[in-house]
Every structure is written in C-alpha cells, then in structure tokens.
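Enquirer: One structure is given below, represented as structure tokens, and several questions about it will come after.
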Amino acid sequence: MNNGDGPIIRIRALRKRYRVGEVDVEALRGVDLDVQAGEFVSIVGPSGSGKSTLFHILGGLTPPTSGTVAIEGIDLASMTEAGRTELRRTKVGFVFQKYNLLPTLTAGDNIAIALHIAGKSLEIDTWSQEALRLLGIDHRLDHKPRAMSGGEQQRVAIARAIVNHPAILLADEPTGNLDSKNSDAVLSLLRDLNERLKQTILMITHNPEAAAYGHRTVHMRDGRIVEGETGPLVS
Amino acid sequence: MILTLVGVSRGMVEESKKRASGVGADIWVRPPNSSLLSFSSAAMSEKLIDFFAQQPHVVIATGSANYSAGVMEPVSGVDLEKFARMSGGFRFLEGGTIRNPDDIMVDDRFAAQRNLHAGDKLTLWNRSWNISGIFEAGKLARIILPMAVVQELSGATGRISQIFLKLDDPKNTQGVIAALKANPALQGYPIYSVEEWTSLFSVNRITGLRAFIGVVITLAVVVGFLVVFLSMYTAVLERTREIGILKALGATPGYILGILLRETAVLAAGGALLGIGLTFGTRWMVNTFAGPSLTQTIVMDWWPITTGIALAGSVLGTLYPGWKAIRQDALEALQYE
C-alpha cells in the first residue's frame, strides 16, 4: 500500500506488446514514470507513441506484457480480470474524448450509476457536492446527454469519474471534441479539481496549450518517454 | 399467438358444448360409428324416434337431420314443435318461427356477420330463403330448418343424424340408458346422458386436437424464443459501447448480466401483458369476421403459462448474448461504433 510518502503511481520497465493480424506491435518499450499524489501530469506525443496504451494499462483495461505498474502500492501486472475490474471500480476514474455517457440515463443517473456499481449510497456526499458545484452542472442533472452541449457532457463525465474518490483520474483527450471555449472551461475545471480537491490527474493530449494546465508534461514517442519533459520523471 | 390459438380451439369446443346443452335433452343417441364432433348427414332411420318415444320414462323424443350450407356452416333440421317443447323454444331477437316452405331461421351470430335481419333474403343451395326469425345462439346449429326440408335437401328422406330424449325425471337417466344399451337392437348405437355427452367436448377428448395444440404451442415457443433471442442479441450488439462504459466504470460481469436479465424480464412481462390484451382484440376479430363456426374465448388459465413461456424464452435468449457481452474486452467494447 502507498504509505503517503511515495509516488501514487510507480511504473518501471513497462512493456506492452500486442498482435495486430499477424504482426506483433511493441506499443510500450520500457517506460519508467512516477506520479506523486495530487499531481496533474500531462502526457503528450504523436499518434502511435504509446500514450493511450499507457492510459489503458493504468486504468486496468488491459494487462501489461512485462514490467511493474503500481497504484497506491498495488501491482497491476499480476492482477486477474476480476482484480482489474475492482481497480476500475475503486482506484481509477476515466474521462474519455467521446464522453461515453449512457444515453438513456440522465446526467444525475450517469453519475449515480458509478456510485451504484461501487456499491455505495446514491446520496451525493459533501466532497462530490463541492465537485458538482465546481463543475457547474448541479442544475443540469435531470437532463439526458442528448440535451446537453459537448462541454456539459464532458463535465458530467468528469463528475462521474470522480464521484467515487478515485486515487487517479485518467483523462484521455478530454477536450478533443470541444471548441476552444469549452476546452478552456474543462481544463480549468480539471485544474480546479486538482488544486482544491487534491485529485491526482493524468491527462493525455495532443495540444501543448492543454498540456500546460498540468504541473508537468511527459513526452512520449515510439513507446518510450523521451527527453524534453517538464519536471522529474522518477523521484 | 398461443392465447389466440388455444382460445379458438377451446372456443369452438365450448360453443359446441353450449349448443348441445341448449337442446334440453336428457339423453343423446348418435348413429353407430359416428365421431364426436361430426355433424354428419342423416344416418339413422327416422322411425327410431317413435321407438324411443315408447320407452319407459321418455316424455319427448325427437331428432335432428344435419346438413351443410358450406364449409363449416352446419344446418340442423328439426321438428320445430317437439324441439321447442324439449328445449324451451328458441328465443327470438327478431321475427319468429318458420311458417312457410321458404322460411329459414338463423342465430344472432350468423345474422350479425352477414348483416341479416328478419324478412331479409338468404341464398343457400341456389335457393332464395326468407329469414323468418333471428334467434339467440345456443341451440344446435346456427341455421335451422324444418326436418323434412333438410332431409329433402340432403336426399335423405326418412333419415336423421341424432336423437334426443327428454325424460320424466332426469334422475332416471342412467336407468333408461342401461335399459337401452341392454336392447340387442340398439347394439353399436352410442347412447349418452347429456352430462356424458357434453363432457366429451374437451380438448383432451377430441382426437388430434390436443396434438395440434401441442404442435402450435411448440412452434409458438420456438418462434418466440428465436424472436427474443435475436432481438436481445441485436440489442446487446447495439449496446456494446454502453457495456464497455459499464466495464470501464468497474461493473462486474454479474452486475452487467443482472441489468440485461432484469431488462429482459420487464420486457417479457410487458410483452405478456400486451399479448393478453391483444387476445381481446383477436377475440373480437375472430368472432366478428372469421365466420360463424369459429369462436374464440379468453383462456385466463393460460395467462400464467404464456407469461412463463415468455419469461423463460426471453431469459434463455438473453443468457447467450449476455454471456458474450460480459466476456467482451472492455477496450474493444469502448471502441465499438
């Protein structure tokens, strides 16, 4: 377990290989990275650089091929599918580029289902109320996604991702489908969540301006973290 | 579909039962080798009526000569005066009894389906008939003529199809039947009390009907299962991305399968209720448009059976695509377009 002093995420010699047709693709070729609790880290890199694969491994959506990945001291590499499901339920919150809200549920129910899946009371606690207030969607909870703008849908997705107090919030191109005004609003919200609620955030982006919202930026290319990053990679 | 088909099969049987009971006889005598529901043409001598009339305890003996006015449109020819005394008489809703050679009587169901009224003309067997009266359904056939007319039409003068006996006291029924069966001259004639006769009008007693219903129900179950299976399979495919979202949120396989099964159960229960409601519509359509020989009843005892079939079929039909869905990789599911 994380003792509160070490990094909340510790990655060492992480490799991921998967097969596309009859070709083996080396998506990650030895990644080392530490993220401290309460950090807001931006991960940038061109398509195919491996940042999404890193995101998927951290989120427990796919297992690594080799190396170690620990979140709060729990190693993901040896986890079973059930273990990774538990990880997604308790330790990780996802924000996707396409929002990925359930279309038949209202915004409030989209948030509530995350609580339900986690087996928690559907009552929004004080922390989450503060988060909803920060996100500015407390008056839109009865609306279905189709009645909301992209920016509003992404804010609902952020609320859903953090309502269970995950150790880390993984945001995959959260502004990729938004115009500049809504992008600024969502990025400011992520920074507010990080600063006021001390939420650890890893954000993937192509956009250097978006990346600048984080405390530091990690650059990836060809499955490796490359020079040029801002801030320490490994403590 | 199941409720309608069972309702039609049972409706026809119960309608026959009701019309048999409406005769008012205590004993029925059928021709030798006759089948239960056959509305066969005249097969016994008319003289038998006089023979039965002379038997102890018999107060009225009469019979009917049956004929057909087309596919499944039987006609009964009766001795109107004797039949009225035995059955209590026809209850006329319009007009009255037959008085002229070209008169004919029809029941209200036949009249309603053909929009006929007393005094209208009805063409049967290339002959124009005058409708003398429209009577309340429930006695023999839907079309009634004097016995002699039917015998002439069917070319069976002096022959009848069945004989009805009314006794001085219904308590004597079994004794009279025993005495008649003991008579060597009546060997081979099926002789029934009215209770025995009407009890034969059940789905289980009619050769082939039970098997027919079994085949229909099996087909309905198979078709229903396939429809539900394919519907759920398509629904699960269409919701692959949603299942991926649930998996990304940490939903367990049991949680996702539970959602699918609960949704299916609600759909199946709703579908069963809708099906039950629709049978009232099909009853109206069958009884209004399908011809006077077809009758559909509402089979309430089949409601829980069909609901069970719908639930079982839909749940089983959900398990396979549900099982596939929960085994699906979360990443693939999220990338599904």
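Enquirer: Under unit Cβ charges (Lys, Arg +1; Asp, Glu -1), what dipole magnitude, rounded to 20 debye, does chain B have relative to its Cα centre?
Expert: 320 debye
Enquirer: I would also like to ask the following. I need the Debye-formula profile for the protein assembly as shown: one equal scatterer per C-alpha, no solvent, reported as log10 I(q)/I(0) at q = 0.06, 0.07 1/Å, two decimals.
Expert: Once normalised to I(0) and log-transformed, intensities are -0.55, -0.61.
Enquirer: Please get the size of the charge dipole for the protein assembly as shown, origin at its Cα centre, with Cβ charges of +1 on Lys and Arg and -1 on Asp and Glu, quoted in debye to the nearest 20.
Expert: In debye, rounded to 20, the protein assembly as shown gives about 800.
Enquirer: How would you rank A:Thr90, B:Thr4, going from fewest to most other Cβ atoms within 10 Å of each one's own Cβ?
Expert: Arranged by neighbour count, lowest to highest, A:Thr90, B:Thr4 become A:Thr90, B:Thr4.
Enquirer: In deg cm²/dmol, rounded to 500, what helix-only [θ] at 222 nm does chain A give when every DSSP H run of at least 4 residues adds -39500 (n - 2.57) and the total is split over its residues?
Expert: Only helices count here, giving -9500 deg cm²/dmol.
Enquirer: How tilted is helix A:180-197 with respect to the longest principal axis of chain A? Cα atoms for both, answer in degrees (0 to 90, nearest 10).
Expert: Helix A:180-197 sits at roughly 80 degrees to that axis.
Enquirer: Of the options A:Val20, A:Gly93, A:Leu54, report the single residue whose Cα projects farthest towards the positive end of the charge dipole of segment A:1-153 (beta-carbon charges: Lys, Arg +1; Asp, Glu -1).
Expert: Of the options given, the answer is A:Val20.
Enquirer: Another question about this same structure. Once you treat every alpha carbon in chain B as an equal point and sum by Debye, what is log10 I(q)/I(0) at q = 0.10, 0.12, 0.13 Å⁻¹?
Expert: Values returned for q = 0.10, 0.12, 0.13 Å⁻¹ are -0.70, -0.88, -0.98.
Enquirer: Counting other C-beta atoms within 10 Å, which of B:Ile213, B:Ile104, B:Ile144 has the fewest, and how do the rest follow?
Expert: B:Ile213, B:Ile104, B:Ile144
Enquirer: Which chymotrypsin sites (Phe, Trp or Tyr not before Pro) in segment B:56-163 sit in a loop by DSSP (not H, G, I, E or B) and have at most 15 other Cβ atoms within 10 Å of their own Cβ?
Expert: Those satisfying the criteria are B:Trp125.
Enquirer: Let me have the relative contact order for chain B, percent, based on Cα pairs under 8 Å that are six or more residues apart.
Expert: Taking the mean separation of contacting Cα pairs over the length of chain B, I get 27 percent.
Enquirer: For B:Lys324, list the lysines whose Cα falls under 17 Å from its own Cα; do not include residues on the same chain fewer than 8 positions away.
Expert: B:Lys247
Enquirer: Please name which of B:Ala220, B:Phe135, A:Leu178 has its Cα lying farthest along the dipole of the protein assembly as shown towards the positive end, using unit charges on Cβ (Lys, Arg +1; Asp, Glu -1) and the Cα centre as origin.
Expert: B:Phe135
Enquirer: Order of B:Glu94, B:Glu81, A:Glu72, A:Glu123 from fewest to most other C-beta atoms within 10 Å?
Expert: In order of increasing Cβ crowding within 10 Å: A:Glu123, B:Glu81, B:Glu94, A:Glu72.
Enquirer: For segment A:1-130, what number results from the quotient of the Cα radius of gyration and 2.2 N^0.38 Å?
Expert: 1.19
Enquirer: So what is the calculated 222 nm ellipticity per residue for chain B, using -39500 (n - 2.57) for each DSSP H run with n of 4 or more, over all residues, to the nearest 500 deg cm²/dmol?
Expert: Counting only the DSSP helices, I get -16500 deg cm²/dmol.
Enquirer: A further question follows. In peptide B:240-248, how many Cβ atoms from other protein chains are near each Cβ within 10 Å, on average?
Expert: Numbers: counts 0, 4, 6, 0, 2, 11, 4, 6, 13.
Rounded to a whole number, the mean comes out at 5.
Enquirer: Compute the long axis of helix B:2-21 from its Cα atoms, compare it with the longest principal axis of the Cα atoms of chain B, and write down the angle in degrees, 0 to 90, nearest 10.
Expert: Once rounded, the angle reads 20 degrees.
Enquirer: Treat every Asp and Glu Cβ in segment B:1-135 as -1 and every Lys and Arg Cβ as +1, leave all other atoms uncharged, and give the resulting dipole magnitude about the Cα centre to the nearest 20 debye.
Expert: 200 debye
Read-outs: derived from the displayed coordinates by stated rules, not from any lab. For clarity, every value in this text was computed on a predicted model and none was experimentally measured. Cβ: placed from backbone, ideal geometry, glycine included. Neighbour counts: every protein chain shown.
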